[in-house]
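Just so it is clear, none of the values below were taken in a lab; they were calculated from the coordinates. Nothing here was measured: the structure is a model prediction, and the numbers come from that model. Heads up, the Cβs are rebuilt from the backbone with ideal geometry, glycines too, and the neighbour counts pull from every protein chain shown.
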Amino acid sequence: MLSSILLAAEEAVEAAESGGLPQLDASTWPSQIFWLAVTFAILYWLMSSYFLPRIGGAIEERRDRIADDLDKAAESKRLAEEAEAAFNRSLGEARIRARAIAGEARDEAAAEIVAMQKEADASLAGKTAEAEKRIHDMKANAAAKVREAANDTTRAIVEALILETPTDAVVSAAVAKAVKA
Amino acid sequence: MIHAMLHPLEALGLQAAGPMEQFQILPIIPLTLGDIDISFTNSALWMTIGVAAIIVFFAMATGRRALIPGRLQSMAEILHEFVANLVRDTIGHDGKKFFPYVFTLFIYIFVANYFGLIPSIPGSAHELHTFTTTSHIIVTFSLAMVTITIVLVYGFAKNGLKFLKLFAPAGLPFVLYFLIVPIEIISFLSRPISLGVRLFANMLAGHIILKLFAGFVISLLGAGGFAMILSIAPFLGSVAIFLLEFLVAGLQAYVFAILTCIYLSDAAHAAEH
Amino acid sequence: MDVEAAKLIGAGIAAIPLAGAGVGLGLIFGNFLAGAFRNPSAAAANQQTMLLAFALTEFTGLLGFVIAMIILYAF
């Protein structure tokens with residue numbers, strides 16, 4: 001190993017002393033160009049016909065897939081939005097209907113109340129009138145009884161005083177006169 | 001002159017080699033094609049290792065084409081998207097057919113740069129030391145020439161003679177064309193040179209500086225005494241340079257790819273100028 | 001003058017462009033930071049442009065370095 005290093009070093013020293021820059025030693029150029037062409041051509045052929053289409057294909061596939069998935073997601077979103085809109089619409093309708101029903105019920109109840117009130121008012125008025133009539137009757141009755149009693153008293157007084165029984169007409173006229181006075 | 005400070009430390013198994021030794025091209029399997037020497041060298045070995053590593057990585061990353069990517073597949077996809085965005089942003093719609101080329105170029109240079117930064121196994125044969133293939137101007141210049149050839153061929157094929165409009169931007173006063181056209185032609189001709197030399201120079205300079213700092217450490221350690229304590233300074237320096245080189249290795253691959261894209265974009269849109 | 005000495009002097013002179021590259025890199029990063037502090041939300045988008053400018057500017061300095069290396073080793 002050591003001998004090969006020394007040999008190589010000697011060679012290098014010789015080359016450096018004789019040729020100067022190894023890059024400018026034209027005798028090595030054909031070999032370098034040849035192997036550059038061979039390796040580069042192989043790499044180019046493999047790249048252009050095999051590797052790059054595969055990588056590009058994979059990237060393209062993924063891009064398509066992502067675009068596809070995005071489309072699907074957009075479609076799902078659209079459907080969800082539609083469903084939400086439909087829900088909101090039906091919700092609004094239900095609300096309106098509920099409001100209408102509530103209004104109707106309120107109106108009905110109010111009408112019922114009014115009717116009941118009227119009925120109550122009517123029955124009350126009837127009862128009042130009856131009561132008033134009864135009071136009036138009782139008043140009139142009482143008044144008639146009072147007058148009769150007055151007539152009777154008057155007649156008794158007159159009989160006791162003059163021993164004569166006055167006629168009813170005279171008595172009542174006299175009582176009425178006295179009452180007026 | 002550099003060899004003056006060559007100070008072997010056989011006891012440590014360490015050896016301060018000259019900064020240029022790492023760029024030596026050493027044949028491993030001698031081959032000839034006719035009269036041309038196409039030996040399998042250490043440069044070819046590291047090109048092969050780099051490409052093999054890329055192939056293994058991508059084979060593992062794309063083996064299971066999962067919808068939810070694993071770690072390797074994610075890395076491959078990030079690389080793919082990174083280069084695809086680069087191509088799309090600079091070239092536009094016409095860029096798609098150049099994508100495999102730009103991607104291959106990017107990944108090839110990227111891996112070559114980073115594999116060159118792996119430290120060699122101490123004591124291994126010089127032929128097996130890590131070798132930065134992109135530190136050789138002929139490699140980077142060849143890659144640049146491939147790009148420029150594609151630009152020229154595609155430019156003329158797509159735009160016909162209107163491609164020459166590239167050298168004569170529309171809407172200038174007539175007299176200015178005598179000035180602008182030569183400048184544009186020179187700038188176009190200098191493109192492959194600057195493209196190739198940029199990558200080459202970055203790799204060369206980085207590795208030379210790394211090696212110089214490492215050499216200082218070895219020399220100071222070899223000097224013994226107080227100098228051994230001082231060796232911490234070049235050691236920290238080499239760590240800092242290594243971090244810079246780590247940035248530069250990725251950045252230069254990116255720059256090479258983006259400049260390729262810009263030149264291809266010129267070719268694609270030459271007629272619209 | 002000795003050729004060896006002239007090579008060393010030439011290599012040293014060829015390293016001077018590094019100063020220009022340093023100034024240029026300072027301008028790039030300084031201006032990027034100034035812009036990034038004024039509008040932090042736009043900083044990330046311009047980072048790639050900054051790195052590209054960094055690489056392009058660094059190249060001019062490296063060109064000097066390469067010339068120094070060529071002077072030292074190639075002649």
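Filter the DSSP H helices in chain C by two things, a Kyte-Doolittle mean of at least -1.0 and an axial alpha-carbon span of 27 angstrom or more, and list the hits by number. Mind dumping the intermediate values first?
Details: long enough: C:17-38 (32 Å, 1.25); C:43-69 (37 Å, 1.25).
Going by DSSP H runs, the hits are C:17-38, C:43-69.
One Cα centroid belongs to segment B:170-245, the other to segment C:8-75; the line between them spans 9 Å.
Obtain the radius of gyration and the Kirkwood radius of segment B:143-222 from its C-alpha atoms and give Rg over Rh. Mind dumping the intermediate values first?
On the way: Rg = 21.1 Å, Rh = 16.0 Å.
In segment B:143-222, Rg relative to Rh is 1.32.
Test of understanding: ordering B:Leu117, B:Leu195, C:Leu33 by Cβ neighbours within 10 Å, fewest first, what list do you get? Provide the component values of the computation, followed by the final result.
Details: B:Leu117 17, B:Leu195 22, C:Leu33 12.
By the 10 Å Cβ count, ascending: C:Leu33, B:Leu117, B:Leu195.
Placing one equal scatterer on every Cα of segment C:3-74 and applying the Debye formula, the log10 ratio I(q)/I(0) at q = 0.19, 0.23 Å⁻¹ is -0.74, -0.91.
Near the amide H of B:Ile28, within less than 5 Å, lie the amide hydrogens of B:Phe40, B:Thr41, B:Asn42, all on another chain or at least 5 residues away, with H placed in the peptide plane. For segment B:134-262, what's the relative contact order in percent, using C-alpha pairs closer than 8 Å and at least 6 residues apart? It comes to 29 percent, rounded to a whole number. For segment A:90-181, which GluC sites (Glu not before Pro) are both in a DSSP coil and crowded by at most 12 other Cβ atoms within 10 Å? Answer in residue order: A:Glu164.
Cα centroid separation, segment B:126-140 to segment A:21-41: 9 Å. When the alpha carbon gyration tensor of the protein assembly as shown is reduced to an equivalent ellipsoid, the three semi-axes, largest first, read 117, 30, 25 Å. Measuring max minus min along each principal axis, the C-alpha atoms of chain B give extents of 72, 56, 45 Å (largest first).
Working note: Karplus 6.51/-1.76/1.60 with θ = phi - 60° gives segment B:220-235 the couplings 5, 4, x, 5, x, x, 4, 4, 5, 5, 4, 5, 5, 5, x, 5 Hz, where Gly and Pro are set to x. The calculated 222 nm mean residue ellipticity attributable to helices in chain C amounts to -28000 deg cm²/dmol, summing -39500 (n - 2.57) over DSSP H runs of n ≥ 4 and dividing by all residues. Here the relative contact order of segment B:24-272, from alpha carbon pairs under 8 Å that lie six or more residues apart, stands at 24 percent.
If the chain between B:Val181 and B:Thr48 were fully stretched, how many nm would it gain, using 0.36 nm times the residue separation less the Cα-Cα distance?
Numbers: separation 133, 0.36 × 133 = 47.88 nm, distance 4.26 nm.
This chain segment gains 43.6 nm when fully extended.
Each residue in C:Val3, A:Val175, B:Val248, A:Val146 was given a count of other beta-carbon atoms within 10 angstrom of its own, and listing them fewest first yields C:Val3, A:Val146, A:Val175, B:Val248.
Approximating the spin labels as points 7 Å out from Cα along Cα→Cβ, the B:Leu172-to-B:Ile28 distance works out to 5.0 nm.
Kirkwood Rh over Cα pairs of segment A:103-165 into Stokes-Einstein at 10 °C, 1.306 mPa s: D in µm²/s?
Working: Rh = 16.0 Å.
Roughly 99 µm²/s, to the nearest whole number.
Taking label points 7 Å from Cα along the Cα-to-Cβ direction, A:Lys177 and A:Ala83 give a separation of 11.0 nm. Once the Cα atoms are used to define both axes, helix A:168-180 deviates from the longest principal axis of chain A by about 60 degrees.
Centroid-to-centroid, using Cα positions, segment B:43-83 and segment B:86-100 are 21 Å apart.
Per the helix-only calculation at 222 nm, which mean residue ellipticity applies to chain B, given -39500 (n - 2.57) for every DSSP H run of n ≥ 4 and division by its residues, nearest 500 deg cm²/dmol?
-22500 deg cm²/dmol
Per the Cα gyration tensor, segment A:48-181 maps to an equivalent ellipsoid with semi-axes of 114, 7, 7 Å, ordered largest to smallest. The order of B:Val51, B:Val181, going from fewest to most other C-beta atoms within 10 Å of their C-beta, is B:Val181, B:Val51.
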